1. Of all residues in the stretch A:53-69, which are buried (at least 23 other Cβ atoms within 10 Å of the Cβ) and part of a loop (DSSP other than H, G, I, E, B)?
2. Away from chain A (no Cβ under 14 Å), touching a Lys or Arg at 6+ places or on another chain (Cβ under 9 Å) and open to solvent by 60 Å² or more (accessible area, probe 1.4 Å): is that true of B:Lys185 in this structure?
3. With more than 15 Å from the chain's Cα centre (by Cα) and over 30 Å from A:Phe291 (Cα atoms) as the only criterion, which of A:Ser37, A:Ser65, A:Ser6, A:Ser101 stands out?
4. Counting just the residues of the stretch B:233-244 that are in contact with a strand residue (DSSP E or B) (Cβ under 6 Å, 6 or more places away or on another chain) and open to solvent by 10 Å² or more (accessible area, probe 1.4 Å), which one comes out farthest from ligand 1 (Cβ to nearest atom)?
5. Show the residue pairs that are 6+ apart or on different chains and have beta-carbon atoms under 8 Å apart, the first residue being within the stretch B:76-88 and touching a residue at least 60 places away in the same chain (Cβ under 8 Å) and surrounded by 14 or more Cβ atoms within 10 Å (Cβ to Cβ), the second being assigned to a helix (DSSP H, G or I) and not small (Gly, Ala, Ser).
6. Of the residues in the stretch A:9-29, how many are in contact with a Ser or Thr (Cβ under 6 Å, 6 or more places away or on another chain) and not in a loop (DSSP other than H, G, I, E, B)?
7. Name every residue in the stretch A:96-113 that is away from ligand 2 (no atom under 16 Å from the Cβ) and in contact (Cβ under 8 Å) with a residue 60 or more places away in the chain, in order of residue number.
8. Can you pull out the residues in the stretch A:229-241 that are closer than 16 Å to A:Ser189 by Cβ and open to solvent by 10 Å² or more (accessible area, probe 1.4 Å)?
Amino acid sequence: MADLNSQIGKLNFKNPVITASGTFGYGIEYADFIDLSGLGGIVVKGTTLHPREGNDYPRMVETPSGMLNAVGLQNKGVDYFISDIYPNIKDMDTNVMVNVSGSTVEDYLACTEKINDLEKIPAIELNISCPNVKQGGMAFGTSSKSAAEVVKAVRKVYHKTLIVKLSPNVTDITEIARTVEAEGADAVSLINTLLGMAIDAEKRKPVLSTLTGGLSGPCVKPVALRMVYQTYKAIKIPIIGMGGISNQEDAIEFLLAGATAVQIGTYNFIDPTVSVKIVDGINEYLDRHGFQSVKELVGGLIS
Amino acid sequence: MKKYISDWTVKENVCTHSCCLLKLRLDEEEQTIFPDFIPGQFVQVLVENSPSTFLRRPISVHFADKSKRELWLLIQAIGEGTRKLSELKPGEKLNLIYPLGRGFTVPKKNENIDLQINSDKKLLLIGGGVGVAPLFYLACCLLKSGYRPDFLFGARSKDHFFNIQAFEKIGKLYLTTEDGTCGEKGFVTQHSILKSTKYDFVYTCGPKPMMQAVAKYARQNDIPCEVSLENTMACGIGVCLCCVEKTKKGNSCVCTEGPVFNINQLLWQI
Ligand SMILES: Cc1cc2nc3c(=O)[nH]c(=O)nc-3n(C[C@H](O)[C@H](O)[C@H](O)COP(=O)(O)OP(=O)(O)OC[C@H]3O[C@@H](n4cnc5c(N)ncnc54)[C@H](O)[C@@H]3O)c2cc1C
Ligand SMILES: Cc1cc2nc3c(=O)[nH]c(=O)nc-3n(C[C@H](O)[C@H](O)[C@H](O)COP(=O)(O)O)c2cc1C
Ligand code: FES
């Protein structure tokens, strides 16, 4: 049995498999299917300072080997999270992280400060793919300037592990990654969903109420893998890779491309047990190839 | 209610031109417990995974028999996923997540007073299209509780009814067709039985416009009414927040807070 421990910032993960925000609820929803302590970590649903109702239905459409979603960060706000959710998840034997979302820098900050007080939340994942309402709705993560602004502000008040989740909807993701690294992020996670669209030809109408939505699932994997690889070449802080992972081979490909850990998103819907299967699968791979530790795989492409 | 994921074996697949009745069995060897399904609940079916059938398909419980470890699904092939389900052969396996969602209110015997209905009172189950699927198991459970419901089903024409022989064995059956080839001509809400009989509780499942018309009838006549919604779903277990319907509590997930709702919970403009 190889050593699966992985290190992100100051934080140790018992294995490199984490479940992705927005696809795993608060973890409890999956407790009937898997032993949550078998996971390296859980990133809970995107949480904002104030409650959000999200977008109108229809918010989802299936696409070839994937899906588009336009949930619009529906959540009951950080105070509800602290009072009603946190007490039920704080004793889970895995790293529980909160995905912090916002529409202004002030909101991100206020939300982060509240999460900072929670002893059992060792890290946040800053979701900078959200629209910046003060800057005409362009996502924070699509320009170096606004990405830097939000990461700098949050870094000042947050001293635990800060993971910044990057948007793939940019010309050069490595530029944003370098900016975020320079502002003091402990790690980056990528990719968030790719902007896409679906049209109903019979009705001659867009399918989603918001016209466009975020693409996820196996169809995005090659794009995600390429971005992880490029980012690995560009920065020194650890990368958490994701996008379309559905089995251990996919996960190992991300590790080889340079990810220190991986997240599993959409595929949890198809197989709620996939995350723990991937932990076992990585272990089996390491043994079969004679590796002592999963760390040996990271960025381990043979040239 | 605890949820399970496991393989079921296809025992039988009886197809007519309009639908398929798929009888599944939970193998004894599968150490899993056969849960007490509530009518109106559904299962998430993993269709043979292909690019066009990536997500699981939500399908209602048409009938469940715990002693035989059997679960029946009634399927209308409208696309790739349901077509593949309709082609399943005995012996093949199907992976399900179950039981999901909140079902219909089945009054227990002797608790009639609380629910303001009792076995003298008249219950009506209104179905359109494959929406009759959950109503069969509901009817079976109502019967067990001492209620004999009436049925009112609508379809485009006489060839578009699903498995109605099974319902006839339970209670009185009223039909409407849009082209008048069977039963009364028109929509379910135009059927004469609604004028001649005062019902005490209405349950409905079918296309949304039909359910809204039924809800309107129920509201106008002050009849309690439960509807079963079919919003498109990704996860089916309350984590993706894709299946929402606007309710008095805000956006509610149909997969966990429904699929069955009392019409008073919904914000339908009726
Ligand atoms: C809680 C619930 C219970 C259901 N119970 C049953 C049942 O017992 N029997 C049954 O046959 N079907 C049932 N359905 C509907 C069934 O899930 C869909 O027909 C199926 O997912 C379609 O998959 P497909 O691959 O065949 O079609 P697709 O190729 O995915 O779709 C074909 C067409 O149908 C439309 N469509 C897809 N899903 C839905 C939906 N949920 N509602 C309305 N239109 C849709 C698509 O937009 C498309 O136009 C239920 C749905 C829900 C949410
Ligand atoms: C329904 C849904 C909701 C999501 N919600 C969030 C969210 O709140 N915050 C976030 O950072 N990412 C969110 N994501 C993105 C995922 O965490 C992940 O980055 C993306 O789906 C790619 O991985 P996958 O292909 O494995 O799903 C969401 C994805 C889906 C499908
Ligand atoms: S289908 Fe995912 S929340 Fe209902």
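The values are calculated or read from the model by the stated rules, or taken from the named source; none is laboratory data. Given the structure is predicted, the values throughout are model-derived calculations rather than measurements. Cβ placement follows ideal geometry from the backbone for every residue including glycine, while neighbour counts extend to all protein chains displayed. Note: accessible area is taken over every heavy atom of the protein model, side chains too, but ligands, DNA and RNA are not part of it. Shrake-Rupley method; radii C 1.70, N 1.55, O 1.52, S 1.80 Å.
1. Residue satisfying the conditions is A:Arg59 alone.
2. no
3. On the way: A:Ser37 fails: over 30 Å from A:Phe291 (Cα atoms); A:Ser6 fails: over 30 Å from A:Phe291 (Cα atoms); A:Ser101 fails: more than 15 Å from the chain's Cα centre (by Cα).
Among A:Ser37, A:Ser65, A:Ser6, A:Ser101, only A:Ser65 is more than 15 Å from the chain's Cα centre (by Cα) and over 30 Å from A:Phe291 (Cα atoms).
4. B:Gly238
5. Within 8 Å, the pairs are B:Gln76/B:Thr82; B:Gln76/B:Val130.
6. 4
7. Filtering the stretch A:96-113 down to residues away from ligand 2 (no atom under 16 Å from the Cβ) leaves A:104-106, A:109-110, A:113.
Answer for the stretch A:96-113, where residues must be away from ligand 2 (no atom under 16 Å from the Cβ) and in contact (Cβ under 8 Å) with a residue 60 or more places away in the chain: just A:Ala110.
8. As a first pass, look at the stretch A:229-241 and keep what is closer than 16 Å to A:Ser189 by Cβ: A:229-232, A:234-241.
Scanning the stretch A:229-241 gives A:Tyr229, A:Gln230, A:Tyr232, A:Ala234, A:Ile235, A:Lys236, A:Ile237, A:Pro238.
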